[in-house]
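Novice: I'd like to ask you about the structure that follows.
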Amino acid sequence: MYFFRYLSIYLFVCCFVSVAQEVELVPYENKELRLWGYINPTTEEIVIRPKFNEVGEFIGDIAPIKIAKRWGLINRKGQVIVEPTFDELGQFFYSYFSGNDSKLVALVKNGDNIGFIRTNGKMVNEYDNIGSFNRHGLALVSKDGKSGFINQTGKEIIPLVYDDIGSFNRHGLALVSKDGKSGFIDQTGKEIISLPSVVDFFNMIEVNKDRKQNVVDLMGKDLIPLIDHDGNFFFLKVNVGGKKNDYGVIAGGKWGIIDLMGTEITPPVYDEIFPFNQQGLAWVQKNENMGIINLIGTEITPPVYDEIEAFNQKGLALVKKDGKLGLIDAKGKQISPPVYDEIEAFNQQGLAIVKKDSKWGVIDTTHKSIIPLLYDEIEPFNQQGLAIVKKDSKWGVIDTTHKIIIPFLYDEIESESLNQQGLAIVKKDSKWGVIDTTHKIIIPLLYDQIEFPLLYDQISKQLGLAIVEKDGKRGVIDKMGERIIPIIYDGSIELSTISENLIRVTVQMNKKWSNFVLYIP
């Protein structure tokens, strides 16, 4: 087996030179020298002695050889006819670089430079520059300031008539310019769109129809199946009057949207158009104001807002105008005018806490007032539909119907205890106690501090155990106020569950730790 590094493209030999009168030569390796030459396969006679690092098969009177790290050509006598100066040398094939007369040429590469040579080693000088072949087998070429594309046989697929050609994108189109106009061509050279404007790609949204990906045009009808090579549909975003800056970014001018048939979806009237989202909506900016358009170019939300946030799972988006917040739905309908100072996220029940003129309330997704704007503070509703609220410097608890569950009597109410235990640790006149959601006193307000231990199961809820502190000493009491562990310890107390009836207790007294097990019948 011999080694020969071909270029990373596929080159096809159209036909071979007839060499019936010549002796067949095949590559041969000297295993000891680890060098290659050529032998007569019939007589096994060495015709060209092994002196090359790699070789290729003869085509006609020439064969590629490698000396050190460079490739060149030899003739059938083993004489070097093209010095080994190339990094890579491809297979020779017949091309039409010189009109109708086909001649053998090979693709060669030095560094990033790619070109073609003839069998005599002379470079094909038909073009000023030859670019790399893309995955579709096309290479960008230029001559005398004009550009086009050739295939791997040198045939001009796209004639050299364009002032500038970009690379083919994933949609199989290349942006071209000619005589000051821009447009797109496909890989056959067909001009898809010709525009007197600057163009950027702008993905459009696909929709499912009859279990197939499809899109609709501005009349709601199916588009003619004009798709890219990946099967995707897309819009084009066009700019009129803008210019590219030093970084290639288009600045100034006005933006609009067209489809691939050149049909105008949205006229060029916007300062910016942002990508469509999965709902088929695009944010637009005009005169420093934000709005929203749909796939048919209709302004479902006129550009009158300072900001528009993304739509949430409830299908609503925050809008901001003159420092105030409101809500719109996915159809652009204004659900709430921008009158609030704050609008917090909607919870699973579809409720949002809002603030206006320093007072807090609650609205639903239709902007119906659930809790009026009466309160100084409102904490989020828990899973039981209860919220801790503050009014006139006192705390209480309300439900989603605005029913007062715990009256406004307390200086503090710990939200964590209400959420986890169904009980509320409350503070009044500097003393702490525990009440339930019927306002029944569970633990009298006698203590300097109360906390519920976080056990691994429901035992703490069933027993209502609480660690309390009074006059600098700690202990444990149950929901009946009975002292389970005397209030005598001057350090920490930790509880952990062993089983349904056993709790491990770790206490600190006089800076020393001790452990014991508490049995709860």
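Novice: Give me the distance in nm between label points sitting 7 Å out from Cα along the Cα-to-Cβ direction at Lys243 and Leu502, one decimal.
Specialist: So the two model labels end up 8.5 nm from each other.
Novice: Give me Val238, Val47, Val23 ranked fewest to most by other Cβ atoms within 10 Å of their Cβ, as a rough exposure proxy. Spell out each step's value before the answer.
Specialist: Numbers: Val238 28, Val47 17, Val23 13.
Least to most surrounded, the residues fall as Val23, Val47, Val238.
Novice: Taking the beta-carbon count within 10 Å as an exposure proxy, list Tyr340, Tyr519 from fewest neighbours to most.
Specialist: Working: Tyr340 22, Tyr519 9.
Ranking Tyr340, Tyr519 by Cβ neighbours within 10 Å, fewest first, gives Tyr519, Tyr340.
Novice: Give Lys320/Lys368; Lys368/Lys440; Lys178/Lys244; Lys244/Lys321; Lys77/Lys109; Lys109/Lys178 a once-over and call out the pairs whose C-alpha atoms are over 22 Å from each other. Please report the intermediate quantities before stating the final value.
Specialist: Numbers: Lys320/Lys368 19 Å; Lys368/Lys440 33 Å; Lys178/Lys244 17 Å; Lys244/Lys321 32 Å; Lys77/Lys109 26 Å; Lys109/Lys178 30 Å.
Listed pairs above 22 Å: Lys368/Lys440; Lys244/Lys321; Lys77/Lys109; Lys109/Lys178.
Novice: So how long is each side of region 306-409 along the principal axes, counting just the alpha-carbon atoms, biggest first, in Å?
Specialist: Here the Cα extents, ordered largest to smallest, are 43, 27, 17 Å.
Novice: Which percent of Cα-Cα pairs in region 355-409 sits in each 10 Å bin, short to long?
Specialist: Calculated P(r), rounded to whole percents: 26, 59, 15, 0.
Novice: Mind jotting down the distance between the C-alpha centroids of region 23-87 and region 378-430, whole Å?
Specialist: Rounded to whole Å, the Cα centres lie 92 Å apart.
Novice: Same structure again: Any chance you could list the semi-axes, whole Å, largest first, of the equivalent ellipsoid that the Cα gyration tensor gives for region 448-521, using √(5λ)?
Specialist: Working: eigenvalues 73, 41, 19 Å².
Computed over region 448-521, the values are 19, 14, 10 Å.
Novice: In region 448-521, what is the count of Lys pairs whose alpha carbons are under 27 Å apart, counting only pairs at least 8 residues apart or on separate chains?
Specialist: Working: Lys461/Lys470; Lys461/Lys473; Lys461/Lys479; Lys470/Lys479; Lys470/Lys511; Lys470/Lys512; Lys473/Lys511; Lys473/Lys512.
So the count works out to 8.
Novice: For labels at Val517 and Ser358 in the simple 7 Å Cα→Cβ model, what's the distance in nm?
Specialist: In this crude label model, Val517 to Ser358 measures out at 5.9 nm.
Novice: Treating cross-link reach as a plain straight distance, find the lysines whose alpha-carbon is under 16 Å from the alpha-carbon of Lys243, omitting any fewer than eight places away in the same chain.
Specialist: Lys181, Lys254
Novice: Which value, in Å to one decimal place, does the Kirkwood hydrodynamic radius take for region 308-358 when every pair of different Cα atoms is included?
Specialist: This gives a value of 11.0 Å.
Novice: Right, next: Given points 7 Å out from each Cα along the Cα-Cβ axis, report the Ala68 to Glu191 separation in nanometres with one decimal.
Specialist: With each label point 7 Å from Cα toward Cβ, the separation is 5.1 nm.
Novice: Now for a different question. Among Trp395, Trp36, what is the fewest-to-most ranking by other Cβ atoms within 10 Å?
Specialist: Trp36, Trp395
Novice: Assuming R0 = 30 Å, can you tell me the calculated FRET efficiency for the pair Asn40 and Asp87, based on Cβ-Cβ distance, to the nearest 0.05?
Specialist: On the way: r = 31 Å, r/R0 = 1.05.
Plugging the Cβ-Cβ distance into 1/(1 + (r/R0)^6) gives 0.45.
Values in this text are rule-based calculations from the coordinates and carry no lab data. Everything numeric in this text was worked out from a predicted model, so none of it was measured. Don't worry about glycine lacking a Cβ; one is built from the backbone with ideal geometry, like all the others, and counts go over all protein chains shown.
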